[in-house]
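Participant: My structure is below; once you've seen it, I'll send some questions.
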Amino acid sequence: MKVRQPREMLEDQLLVTHLAGSKAYGTNLPTSDTDIRGIFVADELYHRSPWYTVNEIEIPEDEDTKYYELSKFLKLLVDQNPNIVESLWVDEEDILTTSPGYELLRANREQLLSSKVAFTFSGYAVSQLKRIKGHNKWINNPQPEQAPQMIDYVTMVQSFAEGKELKFDITTERDATILIHYGSDIYGMYHVEDGKGYRAYDDIGALIVNRDVETHTLGNPIRLIKFNREEYKLAKEKHKQYWDWKKNRNQSRSVLEEKFGYDTKHAMHLVRLLRMAEEVLQEGIVRVKRPDAQELLAIRDGAWTYEELVEYAEGVDNRIRGELYKNTKLRKSVDVKFASKLLMDVQELAWGK
């Protein structure tokens, strides 16, 4: 028995290849990549044996091309994954190669739609919106280069100094000072008369807790202070997230963010996904090639303000999950028996049975 490699099966049992992404939507620019998606059928061995599996194939020499094995494809389709749903609804002019198996899938595509699109298409859009909101906060509230220090999160609990001490700044109390841990995040601060070498914090702003000096030799503390540990941890995490984002963000996207205050390319995809969800729930069809392509490109070019985008997205998302989901004529879920029978029929076509 010959065990074939995935690339061999792909060549013999390819169902379809088609354009995807911006060229399928009609929102491509001269600089846009050519995204290719496809579906293939694995050999029977890969379905009947637990030792051989394949779900998808990515072509190393072409990072914009991906092929899904039919079983994985249909599982994602039943779950109404937006990118997968599109594969059965691309314009015929964007289909590069086809087969009887793909034509059978395409002929039954309406049976493979469900009202779950209200939550998958819209869910993808909302995830884009959350990313846009997060980045907008970072753009308008950048983090300093220096990471938060412990001393920035120290507050006074009680003062024992003469007079009424209202303000406290630990940076004025660095030298000739000892901190003694009282428990939890409370510390006693003591002055040391011959305090050469004693400090309240080190060169990176970390508190120095002295464990070598007996408190009875120090007299009374000058004050009690508290280290606000949770605020410090949150500030450090926020600082790290900001600089990780700053370091790793896509350079072309960063230009858009700096110019418009948010990622307008994300915004274009957000609006597209919401409109496609509306169309599917109202009309039962998926328009991959966008009739509103020019408006989407204008959004990418910054035609909408950040506030307009957020207001639109939140309003449409509420409508999709509420009114449109409630009133759609689409079935609540795809009939898995029907999908299973269709899967086997396409497999047999590919296997020559």
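The values are calculated or read from the model by the stated rules, or taken from the named source; none is laboratory data. These numbers were taken from a predicted model, which means no experiment stands behind them. No Cβ is skipped: glycine too gets one built from the backbone with ideal geometry, and neighbour counts run over all protein chains shown.
Participant: Within the range 293-315, restricting attention to residues that are in a helix (DSSP H, G or I) and among the β-branched types (Val, Ile, Thr), which residue is surrounded by the most Cβ atoms within 10 Å (Cβ to Cβ)?
Facilitator: Per the criteria, the residue is 299.
Participant: For residues that are of a type in the set (Val, Ile, Thr), touching an Asp or Glu at 6+ places or on another chain (Cβ under 8 Å) and either part of a helix (DSSP H, G or I) or surrounded by 19 or more Cβ atoms within 10 Å (Cβ to Cβ) (or both), tally how many sit in the range 272-292.
Facilitator: The total comes to 2.
Participant: Tell me yes or no: at least one residue of the range 28-38 is within 30 Å of residue 299 (Cα to Cα), among the charged types (D, E, K, R), assigned by TED's automatic domain parsing to the domain that holds residue 104 and part of a strand (DSSP E or B).
Facilitator: Looking through the range 28-38, at least one residue is within 30 Å of residue 299 (Cα to Cα), among the charged types (D, E, K, R), assigned by TED's automatic domain parsing to the domain that holds residue 104 and part of a strand (DSSP E or B).
Participant: Something else now. I need the full set of residues from the range 172-186 which are closer than 22 Å to residue 198 by Cβ and either among the β-branched types (Val, Ile, Thr) or without any contact (Cβ under 8 Å) to a residue 24 or more places away in the chain (or both), in order please.
Facilitator: Result: 172, 176, 177, 178, 180, 183, 186.
Participant: Quick check on the range 88-135: of everything there that is over 26 Å from residue 332 (Cβ atoms), at pLDDT 95 or above and touching a helix residue (DSSP H, G or I) at 6+ places or on another chain (Cβ under 9 Å), which residue is surrounded by the fewest Cβ atoms within 10 Å (Cβ to Cβ)?
Facilitator: So the residue we want is 100.
Participant: List the number of the failed condition for residue 143; all other conditions in (1) closer than 18 Å to residue 284 by Cα; (2) in contact (Cβ under 8 Å) with a residue 40 or more places away in the chain; (3) not β-branched (Val, Ile, Thr) hold.
Facilitator: Residue 143 satisfies every listed condition except (1).
Participant: Hey, residue 187 hits all of (1) more than 30 Å from residue 272 (Cβ to Cβ); (2) part of a helix (DSSP H, G or I); (3) hydroxyl-bearing (Ser, Thr, Tyr) but one; which does it fall short on?
Facilitator: Checking residue 187 against (1) more than 30 Å from residue 272 (Cβ to Cβ); (2) part of a helix (DSSP H, G or I); (3) hydroxyl-bearing (Ser, Thr, Tyr), the one that fails is (2).
Participant: Among the residues of the range 192-207 satisfying the criterion of being out of contact with any helix residue (DSSP H, G or I) (no Cβ under 8 Å at 6 or more places or on another chain) and surrounded by 16 or more Cβ atoms within 10 Å (Cβ to Cβ), which is farthest from residue 159 (Cα to Cα)?
Facilitator: If we take residues in the range 192-207 being out of contact with any helix residue (DSSP H, G or I) (no Cβ under 8 Å at 6 or more places or on another chain) and surrounded by 16 or more Cβ atoms within 10 Å (Cβ to Cβ), then 198 is farthest from residue 159 (Cα to Cα).
Participant: Can you find a residue in the range 316-333 that is touching a residue at least 12 places away in the same chain (Cβ under 8 Å), acidic (Asp, Glu), surrounded by fewer than 19 Cβ atoms within 10 Å (Cβ to Cβ) and under 24 Å from residue 280 (Cβ atoms)?
Facilitator: Scanning the range 316-333 turns up no residue that is touching a residue at least 12 places away in the same chain (Cβ under 8 Å), acidic (Asp, Glu), surrounded by fewer than 19 Cβ atoms within 10 Å (Cβ to Cβ) and under 24 Å from residue 280 (Cβ atoms).
Participant: For the list (1) over 30 Å from residue 23 (Cβ atoms); (2) more than 18 Å from the chain's Cα centre (by Cα), I need the number of the one condition that residue 246 fails.
Facilitator: Here residue 246 meets the rest and fails (2).
Participant: Got a number for residues in the range 57-72 being without any contact (Cβ under 8 Å) to a residue 24 or more places away in the chain and buried (at least 16 other Cβ atoms within 10 Å of the Cβ)?
Facilitator: Residues flagged as without any contact (Cβ under 8 Å) to a residue 24 or more places away in the chain and buried (at least 16 other Cβ atoms within 10 Å of the Cβ) within the range 57-72 amount to 1.
Participant: Output the qualifying pairs, or none if there are none: Cβ atoms under 9 angstrom, residues six or more apart or on different chains, first residue in the range 154-171 and farther than 16 Å from residue 186 by Cα and at pLDDT below 85, second residue among the hydrophobic types (A, V, I, L, M, F, W, C) and in a strand (DSSP E or B).
Facilitator: The qualifying pairs are 165/156; 167/156.
Participant: Is it the case that the range 138-153 has a residue that's among the hydroxyl-bearing types (Ser, Thr, Tyr), surrounded by 14 or more Cβ atoms within 10 Å (Cβ to Cβ), in contact with a helix residue (DSSP H, G or I) (Cβ under 7 Å, 6 or more places away or on another chain) and in a helix (DSSP H, G or I)?
Facilitator: yes
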